[in-house]
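First comes the structure, then the notes that go with it.
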Amino acid sequence: MSEIIIVEVLRYRREQDEHPVWQSYEVPYKDDLSILETLNYIKDNLDSSLSYRWSCRMAVCGSCGMMVNDTPKLACETFLRDYYPGKVRIEALKNFDIERDLVVDIEPFMEKFVSIKPYVINAMTGKKEAIKANADAEHKSTTQTPAQLVKFKQYTMCINCLLCYAACPQMGLNPKFLGPAALSMAQRYNKDTRDSGKAERIAVMNEKDGIWPCTFVGYCSQVCPKSVDPAGAIQQAKLEGTIAMGLKGI
Amino acid sequence: MSSIEKVNSGKQRSGTYRRDMKRTWWTEIPFYRWYMLREATAIFTLLYSINLLLGLRALATDKAHFLAWASTQSHPFMIIFAIVSFLMVGYHCYTWFDATPKVMPLQIGDKKVPARQIILGHWGAAIVLAIIVLVLAGI
């Protein structure tokens, strides 16, 4: 007979639960079973009503972020063997409103993300005539040296899994805070030599709920599965934001 | 209304469930507890700075005042206070130096300077400066 591990999942079904409730499942233990595979086992064999997001199974898509024993984790790269024989408690990502079971409402994040303009804003965009008139200028606006790339490359690794938001206590205290992923993505474009939209982003980042609610707890960088270091990005942005405010004052 | 507020109300959407954050959130995991300790080091840095400023004022007044201030420093309470302050400032230094490569990353050519080298550089400089101060003070 195979060994059993107890897996508790925080359920919330709006049609029947007034508050989220813990539900316990007994899962046959295997040391190579990830938390995601465990949830798939529960859904296929024990309870088809369980809801959660997933896609790639290999820490690329950023869909399966959840709290595993109170720590923000990607379910696909977290394994039962790290908890066995103890039990595993799985909960929706903290600091997000629960839509159903382990599915959180990421719409507020998407709004914040869009507000920092996460794309290259190029002075040449829409000015075809100017580009035609000066082929050299077009070349300059698109080339980038390895030394220029290394300044922001780590920020491009973000997969928007939102573990950093679940790690950030300021996010819980102030739901309007733009938060780690959006701000490190803003820095990713601010530091990109092909971009000329830094002033537009700094204006958003310097607002009350932009970079300033951050108190550099640093847990966001600790839980990041892609070593993006959003905490570092925000502190650098504070320095630049202060300079921008100073220049505005002059 | 600012440009963030137009899109970012922080409001809960209907049909979703919001879990409230407890006031004791910072006690829940070790990482948060260390963070709060780091923030608390500021209190001891402030108190010790006030103590030093009082000493400086006594020194500027006259010798009797300074000697009176100096004698208060050997009171057991002040010795314990000095030891605790030293430990707190030491922990503050540790977190500060640890944060430096995040806040001010260095790059040589197309390579980033490893964080460890920046942190060790800071500790090296701090130790050398401490030795110079101790030598100048004649200890």
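Remarks
- Remark on residue A:89: its backbone amide H falls under 5 Å from those of A:8, A:69, a criterion applied only to residues 5 or more positions apart or on other chains, H modelled at 1.01 Å from N.
- Among the trypsin sites (Lys or Arg not before Pro) within region A:46-128, those in coil by DSSP and having at most 15 neighbouring Cβ atoms inside 10 Å are A:87, A:127.
- Solvent-accessible area buried by B and A, counting both chains, probe 1.4 angstrom, square angstrom: 3500
- Relative contact order of chain A, defined on C-alpha pairs under 8 angstrom at six or more residues apart (%): 17
- Where only DSSP H runs of four or more residues are counted, the protein assembly as shown gives -14500 deg cm²/dmol as its mean residue ellipticity at 222 nm, each run worth -39500 (n - 2.57).
- Protection-proxy order for peptides A:101-111, A:191-201, each taking the mean of Cβ atoms within 10 Å per residue, highest first: A:101-111, A:191-201
- Within-14-Å neighbourhood charge of residue B:122 [Cβ basis; K, R +1; D, E -1]: +1
- Phi to ³J(HN,Hα) by Karplus 6.51 cos²θ - 1.76 cosθ + 1.60 over region A:40-48, Hz, x for Gly, Pro: 4, 4, 4, 5, 6, 10, 10, 7, 6
- Using θ = phi - 60° and Karplus 6.51 cos²θ - 1.76 cosθ + 1.60, couplings along region A:156-168 (whole Hz; Gly, Pro as x): 6, 6, 4, 10, 6, 7, 6, 4, 4, 5, 6, 7, 8
- Straight-line cross-link partners of residue A:117 among the aspartates and glutamates, defined as a Cα under 19 Å from its Cα and at least 8 positions apart when in the same chain: A:107, A:192, A:195, A:200, A:207, A:209, A:240, B:5.
- Rounded D (µm²/s) - the protein assembly as shown, Kirkwood Rh over Cα pairs, Stokes-Einstein at 25 °C, 0.890 mPa s: 100
- Entry for region A:133-224 at q = 0.11, 0.14, 0.19 Å⁻¹: log10 I(q)/I(0) = -0.39, -0.59, -0.92, Debye formula applied to identical alpha-carbon scatterers, no solvent contribution.
- Whether region A:166-211 is rounded, prolate or oblate, judged on the alpha carbon gyration tensor where a/c under 1.5 counts as rounded: oblate
- The overall shape of region A:208-250, judged from the alpha-carbon gyration tensor, is prolate: a/c is not under 1.5, and a/b is greater than b/c.
- Near residue B:91: Cβ cut-off under 12 Å, other residues only, Lys/Arg at +1 and Asp/Glu at -1. The net charge is -1.
- Inter-chain neighbour count for B:16-24: the average number of beta-carbon atoms from partner chains within 10 Å of each residue's beta-carbon is 6.
- By average C-beta atoms within 10 angstrom, highest first, the peptides B:49-58, A:235-244: A:235-244, B:49-58
- Split the accessible area of chain B by element, probe 1.4 Å, and carbon with sulfur accounts for 72%.
- By the Stokes-Einstein formula, at 1.306 mPa s and 10 °C, region B:13-139 with its Kirkwood radius over alpha-carbon pairs has D equal to 85 µm²/s.
- Computed from the C-beta positions of residue B:84 and residue B:28 and an R0 of 30 Å, the FRET efficiency is 0.75 to the nearest 0.05.
The values are calculated or read from the model by the stated rules, or taken from the named source; none is laboratory data. Values in this document were obtained by computation on a predicted structure and should not be read as measured data. Cβ coordinates were reconstructed from backbone atoms using ideal geometry, including for glycine residues, and neighbour counts include every protein chain displayed. Note: accessible area is taken over every heavy atom of the protein model, side chains too, but ligands, DNA and RNA are not part of it. Shrake-Rupley method; radii C 1.70, N 1.55, O 1.52, S 1.80 Å.
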